[in-house]
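Notes follow once the structure below has been shown.
The values are calculated or read from the model by the stated rules, or taken from the named source; none is laboratory data. Not measured: the values here are computed from a predicted model. Cβ placement follows ideal geometry from the backbone for every residue including glycine, while neighbour counts extend to all protein chains displayed.
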Amino acid sequence: MEEINVQIKELHQLLQTLLKKHNSLQKENEHLKQMNRDLTRALLEKEDSMQSAEQKIAAKTLASIYDEGEKKLLHQKIDVYLRDIEKCLSLLNA
């Protein structure tokens, strides 16, 4: 009978140890999930910042390629295209 009590105590201690480990792992898991969310958010912010910088660089590069006359001509062509698109849209909506 005493042997059974000893085994029950050992099992109880093992169970307590497992429960402590389980709780510890749950806390660590939550901490890692939060870190993952924070890092993902930071990565997205960096990607947005990088994309914005790339757009600015592309705009500056494009601006430096064309002289004023070419820019004006390009602007006029874009305006014509926009007017044509607006005409098409108004015909579709009619």
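The listed residues are Lys33, Lys60, Lys21, and the only one of them that is surrounded by 10 or more Cβ atoms within 10 Å (Cβ to Cβ), modelled with pLDDT under 95, part of a helix (DSSP H, G or I) and of a type in the set (Lys, Arg) turns out to be Lys60. The residues on offer are Glu10, Glu70, and the sole one that is of a type outside the set (Phe, Trp, Tyr), part of a helix (DSSP H, G or I) and at pLDDT below 90 is Glu70. Taken over segment 1-50, residues that are under 23 Å from the mean Cα position of the chain (by Cα) and of a type in the set (A, V, I, L, M) amount to 7.
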